[in-house]
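Comments concern the structure below.
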Amino acid sequence: MSTRKPPLHEQHMQSGADFTDFGGWDMPVTFDSIQAEHAAVRDSVGIFDVSHMGEVTVGGPDATELMTRLTTNDVSALDPGDAQYACILAADGTIVDDTVVYYHPDGEEYLFVPNAGNDEAMADRWTDHAAAHDLDATVVNRTAELGMFAVQGPDAVEAVQEAAADPLDDVSRFSARQTTIDGVDCLAARTGYTGEDGFELVFDAADSRTVWDAFDDAQPCGLGARDTLRLEAGLLLSGQDFHPEDEPRTPYEARLRFVVDESKPFFVGQDALQEADDPDEVLIGLELAERAVPRHGYPILDDGEQVGHVTSGTMSPTLEVPIALGYVDATRAEEGDTLAVEVRNRTVPATVVDHRFLQTRRD
């Protein structure tokens, strides 16, 4: 399969961006540097091209039932313009993907956003499930038709408001409103993946240049900074912090219980979750005591015994300490416990902390 490219690929190349393959997409990893882009989002405003994320719409009389059956959260609780975070599970209760579900402000359809490279599989899953259960719903994979940018940071709401034709500063978190930016119709959702306030904008891919240029005062940011930002916020990365084959995890192991509505009459994976309510391993946050970068797969130790492994790690640009996410034996997951990470044949002491690293420091 050929590598997919975002609509502004050529423009990003001309601006000097470096690229990386991510989920089958050739995406900018840096425009300037990870440190500069990370700092811009924490201190002011940055803009990300996230057109590699999937966009799948679901409409029709049975759209709500279909969404309810295939996601873990309570889609029926959404009013037009609302959004929610949810997991998509296999029958055994493990996470296939995570997603944000938007109930379009016009009340006519849902938009859900699978992770990069998962759009076709998720659209097929929805289509097949609807057919198997005789549900009247129309599923359309619109990933190739739509662009998506994330404007994030303390000054992001003001920046989007200045560019938009309609009031947006009163849009609450996990809500969306239809507006225009420089004449381009956009869905403006107050969501993001950085730990900062801001909007994610969805629009026709053909209008990507117009929307991008409307934020020429914002720092262009690539996937490198997006990764360090999301990790500081304790947000999980599909395919790394969970994966249906390489890292099969239930929402309970991944500390995502808050997106599971156990009262729903049925959703795929529900029965298996009822058998997995008290997991043997759970996700933790780790703060390392010495300067060393904990990488994916590094062993987590307790008195020399491996009790888990790292799934994500970095030197935190904001906190200026090494941090990591990983899974350990649930008996070793108490905040304040002392463990260690094996980094290139060196044992580095580490402390179990709240995995929402940034929020904990801000509180």
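Need one word for segment 166-313: rounded, prolate or oblate. Basis is the Cα gyration tensor (sqrt eigenvalues a ≥ b ≥ c); a/c below 1.5 gives rounded, then a/b vs b/c decides. Can you show the working numbers first?
Numbers: a/c = 2.81, a/b = 1.55, b/c = 1.81.
The shape class here is oblate.
From a point 7 Å beyond the Cα of Glu275 in the direction of its Cβ, which residues of segment 90-127 have a backbone N at a distance under 11 Å?
92-93
In segment 225-257, which GluC sites (Glu not before Pro) are in a loop and have at most 12 other Cβ atoms within 10 Å, using DSSP for the loop call?
Passing both the DSSP loop test and the Cβ count: Glu245.
Collect residues whose amide H, placed 1.01 Å from N in the peptide plane, falls under 5 Å from the amide H of Phe242; neighbours closer than 5 in sequence don't count.
Distant-sequence amide H within range of Phe242: Leu237.
Rounded to the nearest 5, what % of the DSSP beta bridges within the chain are antiparallel ones? If you can, show how the numbers build up before the last one.
Values: 77 of 82 bridges.
Antiparallel bridges: around 95 percent, rounded to the nearest 5.
Give the accessible surface of the chain per residue, rounded to a whole number of Å², with probe radius 1.4 Å and ligands, DNA and RNA excluded.
Details: 15360 Å² over 363 residues.
It amounts to 42 Å² per residue over the chain.
So what J values fall out for segment 122-139 if you push phi through Karplus, 6.51 cos²θ - 1.76 cosθ + 1.60 with θ = phi - 60°, rounded to Hz, Gly and Pro as x?
Coupling constants for segment 122-139: 6, 4, 5, 4, 5, 5, 5, 5, 4, 5, 5, 10, 6, 9, 8, 8, 10, 10 Hz.
Once a ≥ b ≥ c are taken as the square roots of the eigenvalues of the Cα gyration tensor of segment 82-228, is the result rounded (a/c under 1.5), prolate (a/b larger than b/c) or oblate (a/b not larger than b/c)? Kindly include the intermediate steps, with their values, before the conclusion.
Working: a/c = 1.96, a/b = 1.64, b/c = 1.20.
Prolate is the answer for segment 82-228, as a/c is 1.5 or above and a/b outweighs b/c.
At 7 Å along the Cα-to-beta-carbon direction for both Ser33 and Asp246, put a label point, then send me their distance in nm to one decimal.
Using points 7 Å along Cα→Cβ, the separation is 2.9 nm.
Give a residue-ordered list of calculated ³J(HN,Hα) values for segment 227-244 (Karplus: 6.51 cos²θ - 1.76 cosθ + 1.60, θ = phi - 60°; whole Hz; x for Gly, Pro).
Each residue of segment 227-244 in turn: 6, 5, 5, 5, 5, 4, 7, x, 8, 7, 10, 4, x, 10, 7, 7, 7, x Hz.
Let me have the relative contact order for segment 1-145, percent, based on Cα pairs under 8 Å that are six or more residues apart. List each step's numbers first, then the result.
Values: 248 pairs, mean separation 36.2, N = 145.
The value is 25 percent.
Length gain on complete extension for the stretch Thr210 to Glu162, per 0.36 nm per residue less the alpha carbon to alpha carbon distance? Intermediate results must be reported in sequence, preceding the final value.
Numbers: separation 48, 0.36 × 48 = 17.28 nm, distance 1.48 nm.
Between Thr210 and Glu162, full extension yields an extra 15.8 nm.
State to the nearest 20 debye the size of the charge dipole of segment 215-281 about its Cα centre, where the only charges are +1 on K and R beta carbons and -1 on D and E beta carbons. Walk me through the numbers on the way to the answer.
Working: 6 positive and 17 negative charges, 56 e Å.
Dipole about the Cα centre, nearest 20: 280 debye.
Taking θ = phi - 60°, what integer Hz values does the Karplus form 6.51 cos²θ - 1.76 cosθ + 1.60 yield along segment 247-259, in sequence order, with x for Gly and Pro?
Those phi angles translate into 9, x, 9, 7, x, 6, 5, 8, 6, 10, 4, 5, 9 Hz.
Using a basic spin-label model with each label point 7 Å from the Cα along Cα→Cβ, how many nm lie between Ala132 and Thr20?
3.5
Relative contact order of the chain, please, whole-number percent, based on alpha carbon pairs below 8 angstrom and at least 6 residues apart.
On the way: 853 pairs, mean separation 61.6, N = 363.
Rounded, it is 17 percent for the chain.
Non-local amide H neighbours of His309 (under 5 Å, H modeled in plane, Pro and chain starts lacking H): which ones?
It is Ile300, Tyr327, by chain and number.
State to the nearest 20 debye the size of the charge dipole of the chain about its Cα centre, where the only charges are +1 on K and R beta carbons and -1 on D and E beta carbons.
On the way: 24 positive and 71 negative charges, 155 e Å.
My answer is approximately 740 debye.
The values are calculated or read from the model by the stated rules, or taken from the named source; none is laboratory data. A quick note: this is a predicted structure, and the numbers were derived from the prediction, not measured. Heads up, the Cβs are rebuilt from the backbone with ideal geometry, glycines too, and the neighbour counts pull from every protein chain shown. The protein model used for the area step is the full one, side chains on, heavy atoms only, and it has no ligands, DNA or RNA in it. Shrake-Rupley method; radii C 1.70, N 1.55, O 1.52, S 1.80 Å.
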